[in-house]
Amino acid sequence: MKNLFSNFKGDLFGGITAGIVALPLALAFGVSSGLGPSAGLYGAIFISFFAALFGGTNTQISGPTAPMTAVSMVVIAGIIAINDGSLEKALPAILTVFLLAGLMQIGLGVLGIGKYIRYIPYPVVSGFMTAIGVIILVTQILPAVGYYPNEDKEFVDQYKPMAEELILENILKEEAGEGILVLEDFEETIKRAETITQEEMLKEASTLAKSEASGVLGALKVMPRALQNINWLEFILALSTIIIIYGFKKITTAIPSALVALIVVSGVAYGFGLNYRPIEEIPSGFPVPNLGIFTNFDLNSVTPYIFTALTLALLGAIDSLLTSVVADNMTKTKHQPNKELVGQGIGNTIAAIFGGIPGAGATIRTVVNINAGGKTKLSGMVAGVLLLVVLLALGPVASQIPAAVLAGILVTVGIGVMDYKGLKAIPSLPKDMSLGPIKFSSEVVIMIIVLVLSSVWNLVYAVGVGLVIASLMFMKKMGDLTAERSDVKSLEKEQGWADEARFPQNLKESVFIKHLKGPLFFGSTSEFQILADQIPRSASTVIIRMDRMQYMDQSGLYTLEDVLIDLHNSKIEVLFVDVLKQPRYMMERVDLIPDLIPTEHIFDTFDDCIQYLEQKTIAPKVEAAL
């Protein structure tokens, strides 16, 4: 506790400043997610406070972020769709997925996974971040111009036939479940169908229309209608917000430009009594736990989203730990990655229970906190308390914020979150692969695949596909590199390594040396087999130099075993030189040593191996002389 208050003044200013920066973003991310502004505010309050309290980065400010919101949006839309478009019915399942993501993050921290997060390839992260920007930017154009597909009567009417089919399908499912569905007699079906009102039909059609217009492809599909039906007031409010955000930054960065835009544009719209569309009402009072997570728990509704929950957990971990690295560089400190994951997990778990959207460490808010004097965990806790005070004291006021203002803020977030560094590097990256006469960069291909699939298909699967492709390409490169550097030499015709110059002249014709200059793993086994086949069957001895082979996997182990068996059957003696610890352990585990390679055939140095060969050559001559 003493350390917690060691920098009270600096942490107070840092936390207040970071909280002010977080306020408009929390509201905007909540609206964007589909759960409403209160969900964004709840997430910011609880994640900021508890991630700071239990985390491993003293200056980190956490809360809803663009990547976490984009993935949350997919979860929310999917679960609402299978719950007949009812957010109320879907909410327990949605929050359960968020709760699972938080618990998984705690598990990642406890298992010590934090240190492995850095191994995710940059092209995958780059493509994903740019896709997040594209998703936010494209989907926010509709509210920025004041167009809401589910309120466009002409557009909704197109989905009435589909709504009728869906309602009838639901009636038949209900009857089948009750055991009263009889094909010869549809009296009960007709009776239930007659009770369906036009309002219910319209509501179903409206839900289908909203679902059809969701995501990047859906937004692009209705974009022409949106541009034909621009609400000019909403558009001007959104455009004014964007102009102020970018323009005010040129005047000063001491005050968050997003907050200035929020206050100025909202104040003008409300003060002049303009007929704008406000955000959803923010409930007043202290947030209460959503016990429906536990009382209405349904495993079947959550099971399809287990992988998505894991993705949220991993994404939050990456997002947070990258921010932790930035904080370390600014403060000359060192964060504790696994403790940070536990803290983020606790924050996300508690936020889910109270109805908040998930979040992670936020880079901009963390930088603002440090620059304002924040040094300890107290700063993040202060930021959370400040947002709680805003909720309790200014909830009704915040409910008057125009929806178009938050859309304008999100447009700037979408533009800012894209990875311009990765995009600018595309022309200069080496073209290391070819398809016929066309040469291209494997890293650019990975980035574009992740970007496109994330934008138009599924964020979760796109990252998985990107990781698989990146891994396969890496294995291919490592296999090619190992094969390129490894070789088989006959010292009678070629010069080997420096210590091979002293090799006895009389042995050069019958002894072959195989150099292994890289890991022997599943990506290089075929090339290793090809090199082994180059050893002529006239050879009497093969020396395998292994001092540059640091690693061997199971595929490499069994390929080596096959080669040794083949050489043994050809009456060729095999000698090992300088076997490193891990490969030797692997070979001893399957008794390749000593069954195929006796321990006396394993030498620490090449000179020891030469000495053995010389003694072996001399011994028969001595015996013959005797």
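The values are calculated or read from the model by the stated rules, or taken from the named source; none is laboratory data. If you're wondering where the values come from, they're calculated on a predicted model, not measured in any experiment. Cβ sites come from the backbone with ideal geometry, for glycine too, and all protein chains shown count toward neighbours.
Just checking, which of ALA66, ALA52 is of a type in the set (A, V, I, L, M) and modelled with pLDDT under 90?
ALA66
Among the residues of the range 286-304, are any touching a strand residue (DSSP E or B) at 6+ places or on another chain (Cβ under 8 Å), buried (at least 17 other Cβ atoms within 10 Å of the Cβ) and either closer than 30 Å to SER379 by Cβ or of a type in the set (Gly, Ala, Ser) (or both)?
no
Return the residue satisfying two criteria in turn: it lies in the range 1-57 and is of a type in the set (D, E, K, R) and surrounded by fewer than 24 Cβ atoms within 10 Å (Cβ to Cβ), and of such residues it is farthest from ALA70 (Cα to Cα).
Checked the range 1-57; the qualifying residue farthest from ALA70 (Cα to Cα) is LYS2.
Which residue out of MET330, MET418 is surrounded by fewer than 21 Cβ atoms within 10 Å (Cβ to Cβ) and closer than 26 Å to PHE13 by Cβ?
On inspection, the qualifying residue turns out to be MET330.
Search the range 362-377 for residues that are more than 18 Å from GLN344 (Cβ to Cβ) and of a type in the set (D, E, K, R) and pair each with any residue that is modelled with pLDDT under 85 and not in a helix (DSSP H, G or I) when their beta-carbon atoms are under 6 Å apart and the residues are at least 6 apart or on different chains.
Between residues of the range 362-377 that are more than 18 Å from GLN344 (Cβ to Cβ) and of a type in the set (D, E, K, R) and residues that are modelled with pLDDT under 85 and not in a helix (DSSP H, G or I), the close pairs are LYS375/ASN7.
Restricting to the range 232-267, name every residue that is outside any helix (DSSP H, G or I) and crowded, with 19+ Cβ neighbours inside 10 Å.
PRO256, the sole residue that qualifies.
What is the one condition in (1) under 24 Å from the mean Cα position of the chain (by Cα); (2) crowded, with 24+ Cβ neighbours inside 10 Å that ALA77 does not satisfy?
Only one criterion is unmet by ALA77, namely (2).
Out of the residues in the range 134-163 that are buried (at least 22 other Cβ atoms within 10 Å of the Cβ) and among the polar types (S, T, N, Q), which is nearest to GLU204 (Cα to Cα)?
Checked the range 134-163; the qualifying residue nearest to GLU204 (Cα to Cα) is THR139.
Any residue at all in the range 271-287 that is of a type in the set (A, V, I, L, M, F, W, C), at pLDDT 85 or above and over 20 Å from PRO64 (Cβ atoms)?
Looking through the range 271-287, at least one residue is of a type in the set (A, V, I, L, M, F, W, C), at pLDDT 85 or above and over 20 Å from PRO64 (Cβ atoms).
Within the range 424-441, is there a residue that is modelled with pLDDT of 85 or more, in contact with a helix residue (DSSP H, G or I) (Cβ under 8 Å, 6 or more places away or on another chain) and surrounded by fewer than 20 Cβ atoms within 10 Å (Cβ to Cβ)?
Taking every residue of the range 424-441 in turn, none turns out to be modelled with pLDDT of 85 or more, in contact with a helix residue (DSSP H, G or I) (Cβ under 8 Å, 6 or more places away or on another chain) and surrounded by fewer than 20 Cβ atoms within 10 Å (Cβ to Cβ).
Could you list, in sequence order, all residues of the range 459-504 that are part of a helix (DSSP H, G or I), farther than 26 Å from GLN550 by Cβ and at pLDDT below 75?
Those that are part of a helix (DSSP H, G or I), farther than 26 Å from GLN550 by Cβ and at pLDDT below 75: LEU459, VAL460.
Only one residue in LYS332, LYS375, LYS339 is farther than 19 Å from PRO64 by Cα and touching an Asp or Glu at 6+ places or on another chain (Cβ under 8 Å), so which one is that?
LYS375
Looking only at the range 1-45, filter to residues that are part of a helix (DSSP H, G or I) and of a type in the set (Ser, Thr, Tyr); which one of those is nearest to GLY63 (Cα to Cα)?
So, considering only residues that are part of a helix (DSSP H, G or I) and of a type in the set (Ser, Thr, Tyr), the one nearest to GLY63 (Cα to Cα) is TYR42.
Within the range 56-97, can you find the residues that are part of a helix (DSSP H, G or I) and in contact with a strand residue (DSSP E or B) (Cβ under 8 Å, 6 or more places away or on another chain)?
PRO67, MET68
Return the residue satisfying two criteria in turn: it lies in the range 577-626 and is modelled with pLDDT of 85 or more and of a type in the set (Ser, Thr, Tyr), and of such residues it is farthest from PRO504 (Cα to Cα).
Among them, the one singled out is TYR585.
Can you tell me which of VAL385, VAL452, VAL445 is under 28 Å from ALA313 (Cβ atoms) and either in contact with a strand residue (DSSP E or B) (Cβ under 8 Å, 6 or more places away or on another chain) or basic (Lys, Arg) (or both)?
Going through VAL385, VAL452, VAL445 in turn, the sole match is VAL445.
Can we say VAL268 is at pLDDT 85 or above, within 26 Å of GLN60 (Cα to Cα) and over 29 Å from the mean Cα position of the chain (by Cα)?
no
Of the conditions (1) in contact with a Ser or Thr (Cβ under 9 Å, 6 or more places away or on another chain); (2) buried (at least 19 other Cβ atoms within 10 Å of the Cβ); (3) more than 22 Å from PRO337 (Cα to Cα); (4) not hydroxyl-bearing (Ser, Thr, Tyr), PHE98 fails just one. Which one is it?
(3)
For (1) hydrophobic (A, V, I, L, M, F, W, C); (2) closer than 30 Å to GLU281 by Cβ, each residue gets a yes or a no:
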| site | (1), (2) |
| --- | --- |
| ALA398 | yes, yes |
| LYS431 | no, no |
| LEU435 | yes, no |
| VAL450 | yes, no |
| ASN458 | no, no |
| VAL465 | yes, no |
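Search the range 505-533 for residues being more than 25 Å from ASN569 (Cβ to Cβ) and part of a helix (DSSP H, G or I), and hand back the single one that is modelled with the lowest pLDDT.
Looking at residues that are more than 25 Å from ASN569 (Cβ to Cβ) and part of a helix (DSSP H, G or I), I get ASN506.
Among the residues of the range 545-568, which ones are modelled with pLDDT of 85 or more and not in a helix (DSSP H, G or I)?
ARG545, MET546
For the range 117-132, give me each residue that is over 18 Å from THR65 (Cβ atoms) and touching a helix residue (DSSP H, G or I) at 6+ places or on another chain (Cβ under 9 Å).
ARG118, PRO121, TYR122, PRO123
Go through the range 384-413 and count every residue that is of a type outside the set (A, V, I, L, M) and at pLDDT 85 or above.
5
Scan the range 338-380 for residues that are buried (at least 24 other Cβ atoms within 10 Å of the Cβ) and within 21 Å of VAL288 (Cβ to Cβ) and report the count.
Residues in the range 338-380 being buried (at least 24 other Cβ atoms within 10 Å of the Cβ) and within 21 Å of VAL288 (Cβ to Cβ): 9 in total.
So, in the range 381-403, how many residues would count as being surrounded by 20 or more Cβ atoms within 10 Å (Cβ to Cβ) and not in a helix (DSSP H, G or I)?
Qualifying residue count, the range 381-403: 2.
Here are some conditions: (1) among the hydroxyl-bearing types (Ser, Thr, Tyr); (2) in contact with a Ser or Thr (Cβ under 9 Å, 6 or more places away or on another chain); (3) closer than 22 Å to VAL134 by Cβ. SER324 meets all but one. Which one does it not meet?
All conditions are met except number (3).
Starting from the range 445-456, take each residue that is under 7 Å from ALA131 (Cα atoms) and list its partners that are in a helix (DSSP H, G or I) and hydroxyl-bearing (Ser, Thr, Tyr), counting only C-beta distances under 7 angstrom and pairs at least six apart or across chains.
As it stands, the answer is LEU451/THR130, since those pairs meet every condition given.
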